[in-house]
Amino acid sequence: SSLKKWKEYWEWMEKRNQARWEDYDGKKFDYDKKNMLHTLRLMFSAENIIKNGEPIVRFEGERLQYLRKIREGAFTYDELMEIANEKMAFIETNQNSCGLPEKCNANKANELFRELAKD
């Protein structure tokens with residue numbers, strides 16, 4: 001229900017990690033820097049799956065520097081949302097062309113997990 005979601009939001013606001021909304025010198029931000037970093041990291045990885053057939057596991061170079069700047073709070077919320085919206089539009093438009101199945105084969109995933117966990 002809407003009331004339940006409203007109460008959950010305010011409970012989260014009380015318990016959230018305030019440091020993720022502030023800089024070292026106490027400067028306040030209108031977004032969670034760590035969450036924004038991970039959101040864009042995942043979008044960059046999804047974009048790479050579509051373009052190159054594989055996720056980016058470790059970021060390097062300019063892309064890594066960009067992600068670090070997000071964590072440092074170098075961008076405004078609007079700047080980051082503009083990038084996120086561009087990435088999301090690309091992902092939604094091209095997701096069907098990447099060759100991934102619509103659903104994960106849970107049996108194969110569990111089999112692979114068991115094989116990798118043996119060592």
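Got a sec? Which of Gly73, Gly61 is surrounded by fewer than 12 Cβ atoms within 10 Å (Cβ to Cβ) and more than 25 Å from Gly99 (Cβ to Cβ)? I'd like the intermediate steps shown before the answer.
Values: Gly73 fails: surrounded by fewer than 12 Cβ atoms within 10 Å (Cβ to Cβ).
Going through Gly73, Gly61 in turn, the sole match is Gly61.
Can you pull out every residue in segment 36-57 that is loosely packed, with under 12 Cβ neighbours inside 10 Å and at negative phi?
At the first step, the residues of segment 36-57 found to be loosely packed, with under 12 Cβ neighbours inside 10 Å are 52-54, 57.
Hits for segment 36-57 are Asn52, Glu54, Val57.
Can you confirm whether Arg114 is at pLDDT 90 or above, basic (Lys, Arg) and either open to solvent by 60 Å² or more (accessible area, probe 1.4 Å) or closer than 29 Å to Met36 by Cβ (or both)? Steps first, please.
Working: at pLDDT 90 or above: yes; basic (Lys, Arg): yes; either open to solvent by 60 Å² or more (accessible area, probe 1.4 Å) or closer than 29 Å to Met36 by Cβ (or both): yes.
In short, yes.
Can you confirm whether Ala74 is small (Gly, Ala, Ser), within 17 Å of Lys34 (Cβ to Cβ), in contact with a helix residue (DSSP H, G or I) (Cβ under 9 Å, 6 or more places away or on another chain) and assigned to a helix (DSSP H, G or I)?
Details: small (Gly, Ala, Ser): yes; within 17 Å of Lys34 (Cβ to Cβ): yes; in contact with a helix residue (DSSP H, G or I) (Cβ under 9 Å, 6 or more places away or on another chain): yes; assigned to a helix (DSSP H, G or I): no.
It is false that Ala74 is small (Gly, Ala, Ser), within 17 Å of Lys34 (Cβ to Cβ), in contact with a helix residue (DSSP H, G or I) (Cβ under 9 Å, 6 or more places away or on another chain) and assigned to a helix (DSSP H, G or I).
Looking at segment 16-47, which of the residues that are modelled with pLDDT under 70 and assigned to a helix (DSSP H, G or I) is farthest from Gly73 (Cα to Cα)?
Selected residue: Gln18.
Since Pro101 meets every condition but one in (1) free of Cβ contacts under 8 Å to residues at least 12 places away in the same chain; (2) farther than 30 Å from Lys15 by Cβ; (3) not in a loop (DSSP other than H, G, I, E, B), which condition does it not meet?
Among (1) free of Cβ contacts under 8 Å to residues at least 12 places away in the same chain; (2) farther than 30 Å from Lys15 by Cβ; (3) not in a loop (DSSP other than H, G, I, E, B), the lone unmet condition for Pro101 is (3).
The values are calculated or read from the model by the stated rules, or taken from the named source; none is laboratory data. Being a predicted model, the structure only gives us computed values, none of them experimental. Note that we place each Cβ from the backbone using ideal geometry, even for glycine, and neighbour counts take in every protein chain shown. Areas reflect the complete protein model, heavy atoms only, side chains present, ligands, DNA and RNA absent. Shrake-Rupley method; radii C 1.70, N 1.55, O 1.52, S 1.80 Å.
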